[in-house]
Amino acid sequence: MFGIFNRGSRKNYEIVDKVWLSKQAKWNACSDMLKLNSDCVFIAWFEETRDELKAKLGEQAPVFLANQLGSISVPGKLLVFIEHHPLMKEEEKLFETLNLNEIPVLSALDEPIFKRFGGENLISLIKNLGMSEGEILGHSLITKSIKRAQQKLAEKIIGSEQAYSQEEWFARNYKG
């Protein structure tokens, strides 16, 4: 009645963030994941990211762009996103369309989205605490922090142009 009791759309999925100190460590983890589970399909938002992982895993590796998911068959496969889109609404739209319960998203602190929020300083701090390059950061607080960062980014978006890389996307769409 008048939307009083409507709390908006309810998300039926959970994002599980795994963060490494560097992209190279993340690519190594992707390689290990594929060796352990041949049903992994890696999804990138940007062509540059897809191309980097294909160079690491080989051209025949199951690495696709997010906008290709409608044209490829993935039933029974483990979809692993290998980066965040800077805009949460873009992710939400795809995640809801895919009707997934749990969405693993792999990131690295040296990626452009983290650089906007002091990723370099965090890398230094974590290394000083004794964490090695191949260790994973993962916690619900990290996921919440990434979500807040995406919300802050959305406030400063001046456009929505497609781009080859995350860095190029920021140059075209972000005023900050």
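Every read-out reported here was derived from the displayed coordinates using simple, explicitly stated rules and does not represent laboratory data. The shown structure was predicted, so the numbers you read here are calculated from the model rather than taken from an experiment. Here the Cβ positions follow ideal geometry from the backbone for every residue, glycine too, while neighbour counts run over all protein chains shown.
Which three numbers, in whole Å and largest first, are the semi-axes of the equivalent ellipsoid of the stretch 119-159 derived from its Cα gyration tensor as √(5λ)?
Its equivalent ellipsoid spans semi-axes of 26, 13, 8 Å.
Label points 7 Å out from Cα along the Cβ direction at Ala55 and Leu78: separation in nm?
Spacing of the two 7 Å Cα→Cβ label points: 2.6 nm.
Using only DSSP helix segments of four residues or longer, with each worth -39500 (n - 2.57), what per-residue ellipticity at 222 nm results for the chain after dividing by its residue count and rounding to 500?
Only helices count here, giving -12500 deg cm²/dmol.
Highest first, please rank the peptides 83-94, 147-158 by the mean number of other Cβ atoms sitting within 10 Å of their residues.
Ranking the peptides 83-94, 147-158 by packing returns 83-94, 147-158.
Would you mind calculating the gained length between Phe117 and Val16 on full extension (0.36 nm times residue separation, minus the Cα-Cα distance), in nm to one decimal?
34.4 nm
Multiplying the sequence separation of Thr97 and Leu65 by 0.36 nm and subtracting their Cα-Cα distance, what value in nm do you get?
Taking Thr97 through Leu65 to full extension adds about 10.0 nm, to one decimal.
Enumerate the calculated ³J(HN,Hα) couplings along the stretch 164-174 in order (Karplus 6.51 cos²θ - 1.76 cosθ + 1.60, θ = phi - 60°), each rounded to whole Hz, writing x wherever the residue is Gly or Pro.
Working through the residues one at a time gives 6, 10, 5, 4, 5, 4, 5, 4, 8, 10, 10 Hz.
Can you give me the orientation-averaged projected area of the convex hull built on the Cα atoms of the chain, in nm²?
Mean projected area for the chain: 12.0 nm², to one decimal.
Hey, what's the Cα Rg ratio for the stretch 54-156 versus the globular rule of thumb, 2.2 N^0.38 Å?
Taking N as the residue count of the stretch 54-156, the ratio is 1.20.
Assuming 0.36 nm per residue, please report the length gained on full extension of the stretch Ile126 to Ser160 beyond their Cα-Cα distance.
Answer, rounded to one decimal: 8.9 nm.
Just tell me which aspartates and glutamates come within less than 13 Å, Cα to Cα, of Lys89; anything on the same chain fewer than 8 places away is out.
Glu155
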